[in-house]
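Engineer: After the structure tokens below, expect a handful of questions from me.
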Amino acid sequence: MARAFNFSPGPATLPEAVLLRAQAELLEYRDCGASVLEISHRGADFMELAQRAEADLRALLSIPDDYAVLFTSGGATTVQALLPLNFAAPGQAADYVVSGHWGKTALRQAATAVDARVAASSEGGGFRDLPERQGWMLSPDAAYLHLTANETIHGVEWRQLPEFGQAPVIADFSSSIASEPLDVAKFGAIYAGAQKNLGPAGITVLIVRPDLLEREGQPRAPVLDYRAQAKAGSMLNTPPTWNWYLLGLCLRWTLDQGGVDEFARRNARKAASLYAAIDGSGGYYRNEVAPRARSRMNVPFFLHDPALDATFIAQAREAGLIGLKGHRVLGGMRVSLYNALPEDGVRALIDFMQEFQKSHG
Ligand code: PMP
């Protein structure tokens, strides 16, 4: 099979140009005499690569100069566990707005280290909409407010950020970072696992406002201390060098393609055409998310008859369309439309869906 259109939720499709470049450089990086996999993270070649990746991320997201940028391992989940240790005092309250599976995960990961409170949740409605801002119960003494910008499984995205309270907002942007312009200055911290819009699994980006980084936090090992990591350029220990390298290539590609403004346009077109195809199928396909909360990145949908799911997935694969199986929590299908998924892929998927409906109507 040739390379298919890959709608995987993450690890997700990567730009072919990036894979080809990595392939060409695999045996020897620049004139190092060795692969980038085989050189010291403290050597000049890797340090330059690491700094370039940070500079490109700063340029791509217009990150204010005073914010720190960290590259961590352990995924977004480990960040979720370390947020309270770094940014909350022992026993302090932290508010969580829960709009899907990942918001719940963030809460669970934090709960042993902080008084994690559900400030709002849309679970009662099956996470098919966002929690109304009027109903949020904010704690006056909260260390921070946590929210998930885009819920990868439930396909729910904050299309317009609500008014926040006093506490700094920490947002999980794992599945929507760099998909459109973002006002970083509105946030105390932003984090994102790279394996959706930024590159490979195994490296996570954490962007932090300096006053949060100065917080005392709670007793923790030095390697788990974000202030110490920031001072050490995220290299208190050996970082995931290969992942950092690939992330760097992806960032450069994203900038070369026109950056977040261009991807905002492409992503809006991709999502609009797919939702239109689903909504226009006369109920054959169904997305249950409230229109105002529909994600541009992850589109879950159901076939009118779940008995057809396996056939749909098998025939899609034959048509060169992979990664469509829905998350086990929801079932059905899920289409992930990250930056590296080309518009042709969405057109091919819609054609396939319409053909499938005709032949299995
Ligand atoms: N948050 C969101 C929004 C996610 O989509 C994911 C992973 N799919 C995570 C957190 C967890 O990321 P990781 O597996 O890298 O820890």
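The values are calculated or read from the model by the stated rules, or taken from the named source; none is laboratory data. For clarity, every value in this text was computed on a predicted model and none was experimentally measured. Every residue, glycine among them, receives a Cβ derived from its backbone with ideal geometry; neighbour counts consider all protein chains shown. Note: areas computed on protein heavy atoms with side chains; ligands, DNA, RNA excluded. Shrake-Rupley method; radii C 1.70, N 1.55, O 1.52, S 1.80 Å.
Engineer: I'm trying to understand the selection: among the residues of region 140-159, which are hydrophobic (A, V, I, L, M, F, W, C) and more than 10 Å from the ligand (Cβ to nearest atom)?
Structural biologist: If the condition is that a residue be hydrophobic (A, V, I, L, M, F, W, C) and more than 10 Å from the ligand (Cβ to nearest atom), then A142, A143, L145, L147, V156, W158 are the ones that fit.
Engineer: If F71 satisfies all but one of (1) open to solvent by less than 30 Å² (accessible area, probe 1.4 Å); (2) more than 16 Å from the ligand (Cβ to nearest atom); (3) touching a Pro at 6+ places or on another chain (Cβ under 8 Å), what's the number of the condition it fails?
Structural biologist: (2)
Engineer: Which residues, counting only those in region 100-119, are in contact with a helix residue (DSSP H, G or I) (Cβ under 8 Å, 6 or more places away or on another chain) and either of a type in the set (S, T, Y) or over 22 Å from A192 (Cα atoms) (or both)?
Structural biologist: T105
Engineer: Would you call G100 more than 12 Å from the ligand (Cβ to nearest atom) and either more than 24 Å from the chain's Cα centre (by Cα) or in contact (Cβ under 8 Å) with a residue 40 or more places away in the chain (or both)?
Structural biologist: Taking the combined requirement at face value, the residue does not satisfy it.
Engineer: Any chance region 20-32 includes a residue that's aliphatic (A, V, I, L, M) and surrounded by 16 or more Cβ atoms within 10 Å (Cβ to Cβ)?
Structural biologist: So far as region 20-32 goes, yes, one or more of its residues are aliphatic (A, V, I, L, M) and surrounded by 16 or more Cβ atoms within 10 Å (Cβ to Cβ).
Engineer: Could you pull out the residue among R252, R269, R265 that is surrounded by fewer than 19 Cβ atoms within 10 Å (Cβ to Cβ), closer than 23 Å to E180 by Cα and in the same structural domain as V205 (by TED's automatic domain parsing)?
Structural biologist: Being surrounded by fewer than 19 Cβ atoms within 10 Å (Cβ to Cβ), closer than 23 Å to E180 by Cα and in the same structural domain as V205 (by TED's automatic domain parsing) holds for just one of R252, R269, R265, which is R252.
Engineer: Spot the failing condition for A88; the list is (1) crowded, with 20+ Cβ neighbours inside 10 Å; (2) within 16 Å of the ligand (Cβ to nearest atom), and only one is missed.
Structural biologist: Failing condition for A88: (2).
Okay, residues lined up against (1) farther than 28 Å from G165 by Cβ; (2) open to solvent by 20 Å² or more (accessible area, probe 1.4 Å); (3) modelled with pLDDT of 95 or more; (4) touching a helix residue (DSSP H, G or I) at 6+ places or on another chain (Cβ under 9 Å):
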{"site": "A178", "(1), (2), (3), (4)": "no, no, yes, yes"}
{"site": "A192", "(1), (2), (3), (4)": "no, no, yes, yes"}
{"site": "G199", "(1), (2), (3), (4)": "yes, no, yes, yes"}
{"site": "I207", "(1), (2), (3), (4)": "no, no, yes, yes"}
{"site": "L212", "(1), (2), (3), (4)": "no, no, yes, yes"}
{"site": "L224", "(1), (2), (3), (4)": "no, yes, yes, yes"}
{"site": "S234", "(1), (2), (3), (4)": "yes, no, yes, yes"}
